[in-house]
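J.: Structure below; questions to follow.
The values are calculated or read from the model by the stated rules, or taken from the named source; none is laboratory data. Computed from a predicted model, the values in this text were never measured in an experiment. Ideal geometry is used to build each Cβ from the backbone, glycine not excepted, and the neighbour counts take in all protein chains shown. Heavy atoms of the whole protein, side chains included, go into the accessibility calculation; ligands, DNA and RNA do not. Shrake-Rupley method; radii C 1.70, N 1.55, O 1.52, S 1.80 Å.
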Amino acid sequence: MKKNLTMKDIAKLAGVSQPTVSRVVNGNPTVDSEVRARVEKIISEYGFKPNSSAKTLRSNSSKIIGVILFDLSNYYYLEMIRSVEKVAGENGYTVIILNSQGDKLLEKEHILNLQARNVDGIIIAPVDRSNLDFLKKQNENFIVIDSSLPHYPCIYTSLLQGGKIATEHLYSLNHQKIAFIGADKRNLKLLGVKEFFSEKNMVFLDEWFIETDSTNSNLDKLSLKLDSLENFPTAFITSNDVIALNLIKELGKRGLNIPKDISILSFDDTIISTALNITSIRHPVDMMMENAIDYLLNGKRVSIQKSLNPILIKRDSTTFL
């Protein structure tokens, strides 16, 4: 297998022009999807890694860190941006922020774009494991944040522990009918809730898991699910602050007062929970980004799995039953 392939070599193997390869590498959306897939397959198989300029080739450092986040409509990720820019700046680096929008193909385009810019490292909240395999195969300097994934370097908050802490707090306030609103039955926060129930020999009813998307954009669906509850909870845990905000609106329509009638505890502790005085589970975002930058700059690419402890921030949305 030929090493150090050029764009010209890739073009020949893919049966396309060199400018087409360049457009694929730089994430140009005008490239035909079949052509893009063929070029990216060859790039992945041959370990091609593009460089954007002679200057960065000579210096062997761009002083740039790439960050690919999952959903910039979530205030939690905006908090990450604030933190990573601060930490990177203190180390003399600038940051390129890219939003994958939960799309694995867009995530792959962003990765190729960052490689073309010869970034010194990539911080990623991943959508798809195949893209992580691509980074690993190319020996890219990267680290996963906000997810615990075996075989990849990761720094994350222990969401399982967060779920247990949240449930324990509500239990200490005499709540035993506790619902969880989130996006996935495999959600580690939900598993933490269920684990606490199990430890206390309590039953978590199936209807107490209310499934929604991460932004809780379908309020009609939430409303219907609340109406269908036969054993209405005395407390809710929400997977993020945006869901908590929408839940408060829906409960208000039913004449329910927070926290007199219903207690609410959320995750992420963004500006929403601060403004609405919601009890929340905080991620140590600053510590996460400090560790991520330190790993990229000094970790010598030895894989790590580092779990950070979540923090309970008590406010007025939870009270004794």
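J.: Per-residue accessible area for His151 at 1.4 Å probe radius, Å² rounded to 10?
T.: Around 140 Å² of this residue is reachable by solvent.
J.: Now for a separate question. Amide H of Phe142: which non-local residues (sequence gap of 5 or more, or other chain) have their own amide H closer than 5 Å, using H built in the peptide plane?
T.: HN-HN under 5 Å from Phe142: Ile122.
J.: May I pose another question? If you take the alpha carbon radius of gyration of segment 102-219 and divide it by 2.2 N^0.38 Å, what ratio comes out, to two decimals?
T.: Taking N as the residue count of segment 102-219, the ratio is 1.35.
J.: Give the Rg/Rh ratio for segment 158-229, taking Rg as the radius of gyration of the Cα atoms and Rh as the Kirkwood radius, to two decimals.
T.: Rounded to two decimals, Rg over Rh is 0.98.
J.: So, one more: Pull up the cross-link candidates among the lysines for Lys177, meaning alpha carbon to alpha carbon under 24 Å and not fewer than 8 places away within one chain.
T.: Those lysines meeting the cut-off are Lys164, Lys185, Lys189, Lys194, Lys200, Lys221, Lys225, Lys249, Lys253, Lys260, Lys314.
J.: Here's a follow-up. Provide the descending list of Cα extents for segment 142-279 along its principal axes, expressed in whole angstroms.
T.: Sorted largest first, the three principal extents are 49, 34, 25 Å.
J.: Pop the C-beta distance of Leu256 and Ser17 into the FRET formula with R0 = 51 Å and round what comes out to the nearest 0.05.
T.: 0.20
J.: Would you mind getting the accessible area per residue of segment 152-294, heavy atoms of the protein chains only, 1.4 Å probe, in Å²?
T.: That works out to 42 Å² per residue.
J.: Follow-up. Divide by every residue of the chain the summed helix terms, -39500 (n - 2.57) for each DSSP H run of at least 4, and state the resulting mean residue ellipticity at 222 nm, rounded to the nearest 500 deg cm²/dmol. Don't skip to the end; give the middle numbers.
T.: Numbers: 13 runs with 143 residues, N = 321.
Computed ellipticity for the chain at 222 nm equals -13500 deg cm²/dmol.
J.: May I pose another question? In degrees from 0 to 90, rounded to the nearest 10, what is the angle of the helix 188-199 Cα long axis to the longest principal axis of the chain?
T.: 40 degrees
J.: What percentage of the solvent-accessible surface of the chain, computed with a 1.4 Å probe over protein heavy atoms, is contributed by carbon and sulfur atoms? Write down the numbers at each step before the final one.
T.: On the way: 7660 of 15420 Å².
The value for the chain is 50 percent carbon and sulfur by accessible area.
J.: Turning to a different aspect of this structure: How large is ³J(HN,Hα) for each residue in segment 64-77, as worked out from phi by the Karplus curve 6.51 cos²θ - 1.76 cosθ + 1.60 (θ = phi - 60°), to whole Hz, x for Gly and Pro?
T.: In residue order, the calculated couplings are 10, 10, x, 10, 10, 10, 7, 7, 7, 7, 8, 4, 4, 6 Hz.
J.: Now for a different question. Hey, what did the chain get for relative contact order, percent, Cα under 8 Å, at least 6 apart?
T.: Once divided by the residue count of the chain, the mean separation gives 17 percent.
J.: Another one. State the three equivalent ellipsoid semi-axes of the chain, derived from the C-alpha gyration tensor as the square roots of 5 times its eigenvalues, in descending order and whole Å.
T.: That gives 43, 21, 17 Å for the three semi-axes.
J.: Give me, ordered by chain and number, the residues 5 or more places off Phe209 or on other chains with an amide H under 5 Å from its own placed amide H.
T.: Placed amide hydrogens put Phe180 under 5 Å from Phe209.
J.: Report the Stokes-Einstein translational diffusion coefficient (µm² s⁻¹, integer) for segment 206-321, Rh taken as the Kirkwood radius over Cα pairs, at 25 °C with viscosity 0.890 mPa s.
T.: 154 µm²/s
J.: Still on this structure: Suppose we keep just the alpha-carbon trace of segment 255-321; what are its Rg and Dmax in angstrom?
T.: 17.1, 57
J.: Report the per residue volume, in Å³, of the convex hull enclosing the C-alpha atoms of segment 84-145.
T.: 81 Å³
J.: In addition: How large are Rg and Dmax for segment 42-164 when calculated on the C-alpha trace, in angstrom?
T.: Values for segment 42-164 (Cα only, Rg and Dmax): 14.7, 52 Å.
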